[in-house]
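Structure first, then comments.
The values are calculated or read from the model by the stated rules, or taken from the named source; none is laboratory data. Just so we're clear, the structure is a prediction, and the values are computed from it rather than from any experiment. Neighbour counts are summed over all protein chains in view; Cβ atoms, including those assigned to glycine, are modelled from backbone coordinates with ideal geometry. The area values use the complete protein model at the heavy-atom level, side chains included, leaving out ligands, DNA and RNA. Shrake-Rupley method; radii C 1.70, N 1.55, O 1.52, S 1.80 Å.
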Amino acid sequence: MIACEQTKGMSVYDHGILVNEYYHDLMNHLSKGTSLKFKWRLPEWIDSYSLLILAKTYDSDIMNKYQVFHDCGKPYCRTVDADGKQHFPDHANVSYEIWTKVFPDENPLIGQLIKSDMDIHLLKAEGLESFCERPEAISLLITGLSEI
């Protein structure tokens with residue numbers, strides 16, 4: 001993860017750490033009213049739903065491991081096209097496979113979050129209701145906001 005570049009000058013590992021730092025910045029803001037340290041593109045409704053968000057996100061241990069390692073499979077599925085642009089096809093599933101092989105004794109929920117990491121980014125209107133019914137929906141949503 002450290003040797004695989006996610007974006008110019010940032011490794012896959014560094015990206016995971018940054019997502020986790022953004023996540024904690026937002027959660028501290030929602031739970032303690034602290035000022036946000038990072039630059040955010042947040043929806044206007046975020047503060048109005050702080051209690052629901054805090055109640056429905058998984059505990060910090062699960063979220064930390066999920067966020068730091070959510071792209072752990074990218075080094076194994078990286079391709080480069082004719083224009084030199086890199087792609088990571090099916091990286092969420094590859095990351096899930098890598099996570100479960102390397103950490104077989106970890107809480108299986110972490111692997112499920114890793115496998116579902118792209119769901120919020122690919123969500124379409126027709127899948128919104130079923131997504132919202134999933135117990136991990138808010139954890140995925142807040143992580144997705146932390147990634148952009």
Next item on the list: Would you check if T79 is free of Cβ contacts under 8 Å to residues at least 12 places away in the same chain and exposed (fewer than 10 other Cβ atoms within 10 Å of the Cβ)?
Entry: yes
Margin query: If I filter region 96-148 down to residues being part of a helix (DSSP H, G or I) and in contact with a Lys or Arg (Cβ under 7 Å, 6 or more places away or on another chain), which single residue comes out as least open to solvent (accessible area, probe 1.4 Å)?
Written below: I110
Next item on the list: Within region 1-17, work out how many residues are without any contact (Cβ under 8 Å) to a residue 24 or more places away in the chain, open to solvent by less than 60 Å² (accessible area, probe 1.4 Å) and not in a strand (DSSP E or B).
Entry: 0
Next item on the list: Would you please name the residue that is farthest from S139 (Cα to Cα), looking only at residues in region 63-95 that are touching a Ser or Thr at 6+ places or on another chain (Cβ under 8 Å) and in a helix (DSSP H, G or I)?
Entry: K74
Margin query: Under 6 Å between Cβ atoms, which residue pairs at least 6 apart in sequence (or on different chains) link something in region 86-115 that is in contact (Cβ under 8 Å) with a residue 60 or more places away in the chain with a partner that is loosely packed, with under 14 Cβ neighbours inside 10 Å and β-branched (V, I, T)?
Written below: Q86/V80
Next item on the list: Would you tally the residues in region 38-52 being farther than 30 Å from F88 by Cα and either out of contact with any Ser or Thr (no Cβ under 8 Å at 6 or more places or on another chain) or surrounded by fewer than 12 Cβ atoms within 10 Å (Cβ to Cβ) (or both)?
Entry: 8
